[in-house]
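Before any comments, here is the structure.
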Amino acid sequence: MASPFSGALQLTDLDDFIGPSQDCIKPMKVEKKLGKGTAKIQIEDDGTYFQVNQDGGSRKLEKAQISLNDCLACSGCITSAESVLITQQSHEELYKTAEPSQQKLVVISVSPQSRASLAARFQLTPLDTAKKLTAFFKNRGVHFVFDTTFSRNFSLLESQREFVQRFRRRTESKQALPMLASACPGWICYAEKTHGSFIIPYISTAKSPQQVMGSLIKDHFAQQQHLTPDKIYHVTVMPCYDKKLEASRPGFFNQEYQTRDVDCVITTGEILRLLEQEGVCLSDVDPAPLDAEFSCVSGEELLGHQGGGSGGYLEHIFRYAAQELFGIQVDGITYKPLKNKDFQEVTLEKDGTVLLHFALAYGFRNIQNLVQKLKRGKSPYHYVEVMACPSGCLNGGGQIKAEALSSKDLLQQVEKLYEMVRAVIPETSPEIKELYEQWLKGEDSKEAEKALHTQYQAVEKMNSGFNIKW
């Protein structure tokens, strides 16, 4: 698996989970008291430090805590960092909350990308991996284990509808095209901090599968369980460290109940380390039945989506738009690779006229080229599936790294396992339609808008760095 990615792009040490840069600071408020002179900071051998006043008095100072909210508000870095202090995004926090004394219902939602990575590591099928992972979690106090493939149905459907609306309104309003995918938090963070108000109108407002699942669990599922949202502890298993940052966005916080839609994000690699710490080989775990209610399963078969390991946004929107806008049924999609395999195009033509022009752009090298074309007014696309990692989400920075195999061979194995799952079309699912009516009171309701869509905002560039004054 790739580590620091897009090495061809040189933008201030840009990679998937960079450490805090010289610009990464948290402004501290210092209270000044009248009548007091200057004070000194005294550091003890154990690392604690005190403010010593001229009159001889002293007081212990608290250490600064850097949270993920601080990262979102700071323009110093592009994406999140594993090395940033993340006290609430760890398996230790999960174990603490899973204790009976905490009296919380613990729910884990596993991404299909993480499942495929674990399947490759332990030489299992995706179904066996899902069952054994369910057993492992439930043996440690977890109550329900779901699958974010289920919530991706909503994300795909909302993305389809949003694109068609934008396409129809492109001549009568300033609705921006191309519409850019919004499921990748690394890309979103980069867009907000680097291109801000220019790029934001192009970004889809549909929530990612992780955050749709958060809305589903803390709203509809909580009501089913006769619980308030704060009594449910929701964990996701993701292929990407930046998903921790996404879960910490202020827009995904319930002010009334003081709880997040997703309380904790654990990467695939962290799950492997957890298994190793406990001396557990996933292959040896006795399987448990899957929780089918919020998972894509049919009997003893897992279900997924066509269109690649990043969710298939391009393919689903392309097929839907072709039928909805032009009455054309698309059976097969042909990708045209451009300069590299991570930048490909798809077109719909009729009588020599291009009706739809889509692309996928993976990795920051291709993202940068895409943004520059947009800024020059030379982008020919109607929709672009944008992902920060080369080869997409299956190659995320939080996936399990290669050992015996080369990174390329491991990725091919993970892709093969991911594609073993039978693909379904979300708009044909009666369960999804029923949920739209029950949970969202109809797909065009205000409840649906709140639960399935979000907004982004530019992050102001701060004047900091080497000119720091203490």
Fraction of alpha-carbon pairs in the range 116-161 farther than 12 Å apart, rounded to whole percent, equals 69
Amide H within-cut-off set for S310, under 5 Å, with H built and near neighbours excluded:
C393
By accessible area with a 1.4 Å probe, ligands and nucleic acids excluded, highest first: order of C281, C240
C281, C240
Taking square-rooted eigenvalues a ≥ b ≥ c of the alpha carbon gyration tensor, is the range 242-381 rounded, prolate or oblate, where a/c under 1.5 means rounded and, failing that, a/b exceeding b/c means prolate?
prolate
Could you please put D55, D342 in sequence from largest to smallest accessible area, using a 1.4 Å probe?
D55, D342
Could you look at the range 306-352 and say what percent of its accessible area is carbon and sulfur, using a 1.4 Å probe and all protein chains?
44
The range 195-277: Rg/Rh from Cα coordinates, Kirkwood Rh?
1.04
With all protein chains present and a 1.4 Å probe, the order of T228, T236 from largest accessible area down is T228, T236
Ignoring ligands and nucleic acids, I200 exposes an accessible area, probe 1.4 Å, in Å² to the nearest 10, of 30
How about the range 268-308: which GluC sites (Glu not before Pro) there lie in a loop by DSSP and see at most 14 other Cβ atoms within 10 Å?
E278, E293, E300
Checking the table K243/K416; K378/K408; K131/K231; K104/K244 against a 31 Å threshold on Cα-Cα, which pairs fail?
K378/K408
How about the range 170-262: which GluC sites (Glu not before Pro) there lie in a loop by DSSP and see at most 11 other Cβ atoms within 10 Å?
E172, E256
Using bins 5 angstrom wide from zero, how does P(r) for the range 247-302 break down, in % of all Cα pairs?
4, 13, 12, 12, 19, 19, 11, 8, 1
Roughly how many percent of the accessible protein surface of the range 150-209 is carbon and sulfur, given a 1.4 Å probe and a whole-percent answer?
45
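The values are calculated or read from the model by the stated rules, or taken from the named source; none is laboratory data. Predicted, not measured: the structure shown is a model, and the values here were computed from it. As a convention, Cβ positions derive from the backbone with ideal geometry for all residues, glycine included, and neighbour counts pool all protein chains shown. Accessible surface is based on the protein model in full, side chains and every heavy atom, while ligands, DNA and RNA are left aside. Shrake-Rupley method; radii C 1.70, N 1.55, O 1.52, S 1.80 Å.
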